1. Are any of the residues in the range 106-113 open to solvent by 80 Å² or more (accessible area, probe 1.4 Å), touching a Cys at 6+ places or on another chain (Cβ under 9 Å), in contact (Cβ under 8 Å) with a residue 12 or more places away in the chain and over 30 Å from LEU344 (Cα atoms)?
2. Count, please, the residues in the range 327-358 that happen to be charged (D, E, K, R) and at pLDDT below 75.
3. So is ASN18 over 29 Å from SER357 (Cβ atoms), open to solvent by 60 Å² or more (accessible area, probe 1.4 Å) and not small (Gly, Ala, Ser) or not?
4. What are the pairs with Cβ atoms under 6 angstrom where one residue, in the range 67-89, is over 17 Å from LEU143 (Cβ atoms) and modelled with pLDDT under 75 and the other, located anywhere, is surrounded by 13 or more Cβ atoms within 10 Å (Cβ to Cβ) and among the charged types (D, E, K, R)? Sequence gap at least six, or different chains.
5. Considering only the range 186-215, state which residues are in contact (Cβ under 8 Å) with a residue 40 or more places away in the chain, open to solvent by 80 Å² or more (accessible area, probe 1.4 Å) and either farther than 13 Å from VAL144 by Cβ or β-branched (Val, Ile, Thr) (or both).
6. Only one of LYS179, LYS193 is at pLDDT 85 or above and within 30 Å of HIS271 (Cα to Cα); which?
7. So, in the range 157-169, of the ones that are open to solvent by 10 Å² or more (accessible area, probe 1.4 Å) and of a type in the set (A, V, I, L, M), which residue ends up modelled with the highest pLDDT?
8. Filter the range 115-172 down to residues that are outside any helix (DSSP H, G or I) and among the small types (Gly, Ala, Ser) and give me whichever is farthest from PHE105 (Cα to Cα).
Amino acid sequence: MELLHGQGYDGCSAMAGNTNGVQALIRKKYPKAIYTHCSAHRLNLVVQDLNKVPAIRNTVSAINSVINFYRGSILRREVIDKIPLLSDTRWSSKYNSIRKFSENFVKLYKELQYQQIHGNSVTKKLAFQTISCCSSSTFITCLVIISYYSSILEPVTNHLQKIDMDILKVKNHIDKLIKLFESHRANAEEFFKKNIFTKITKLCEDCEINLSTPRQCHQQRHRSNPGLTVPEDYFRITIFIPYLDGLIQSLKLRFADEESSMKYISLFVLHPKILKTTSKKDYEKHVQNINEFYNISNLQIESEIWYDLYVEDNSLDKKTITELHNETSLFPSIQKCFKILLILPVTTCSIERSFSSMRRIKTWLRTSMTDERLSNLVNLSINSNYIEKD
């Protein structure tokens, strides 16, 4: 267990708690076992935080109602066959679903109008209730905003679930996203008009929805009341800016640089490509941090030789960490640093995917099975690819 250098879970207090969580109890015995909150899970929590904006929360609920309406009948399902359900556990499908829903909204809306007139009594009632949720200017505005940023976050969450994603790439990519969203916020008026409001206007025209501001009272306590009558200004101030502020704040909070994470980020300085962009003084500080935390023998001397050899040599710049690990047998301390980098967890997606098989294994007919049998069946399910080969 002295070789335990990483542990990863989701963010529930039982696992991630700083005092009595599983990760804290393990780190008391094995301090090198740094806890990593799953990066993909953190990004999903960022999206969940955005539901604090009431209009966004209501729009997501309305999208779910429309999808459920079409999936409630075999005949209606043909219309929405390519749009997956909104899922709280399969994060990639959530972004994919919202994006595809937005692309096909005109078709879905017109089909709802048809069902409201020509359907049977039950269908007419359901279609009327559903169309009432998605025929407002507020819904169209939120839909365009959510789908726009979902299209940005979808490839990110797919990338974060890869087994070969490294921590430095995660950190750099999130930093770039925060800067991108901050630029959108700084130029909110121009950006909203050019990239968001034009799509809102076109969508309202295609669906024959009157683009207008909601009714406002002189004294409003429970929702935004800026006193604006121009739809562009109203929706920019009441929805777009709060959405962006929440997105930026949540990203900074969820992906904040923790003291423990900075310990192992110093390991990346040993990569020749990063080594060249680091001054000798900063390089020595990083090596000292590594040595204090991991206590790797002879690292100080080897790191000096490593720096002198490759600060001007470009032969290893394009090598991956795996390739560097295999080619550093003459530098055993440096090789150990690369080995630690290779095993540090970034996400727990590949592990959590096995949880979905529990529903198939532990059914109502198998509730009386012992823990030993359940554990063996789960192992068989997780390692099914090896069993099929044999």
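The values are calculated or read from the model by the stated rules, or taken from the named source; none is laboratory data. Predicted model only: the values in this text are computed from it and were never measured. Positions of Cβ are generated from backbone atoms using ideal geometry, with glycine treated the same way; all protein chains shown enter the neighbour counts. The area values use the complete protein model at the heavy-atom level, side chains included, leaving out ligands, DNA and RNA. Shrake-Rupley method; radii C 1.70, N 1.55, O 1.52, S 1.80 Å.
1. yes
2. Summing the residues that are charged (D, E, K, R) and at pLDDT below 75 in the range 327-358 gives 2.
3. yes
4. VAL79/GLU111; SER87/LYS94
5. Residues satisfying the conditions are GLU189, ASN210.
6. Details: LYS193 fails: within 30 Å of HIS271 (Cα to Cα).
Unique residue meeting the criteria: LYS179.
7. LEU168
8. GLY119
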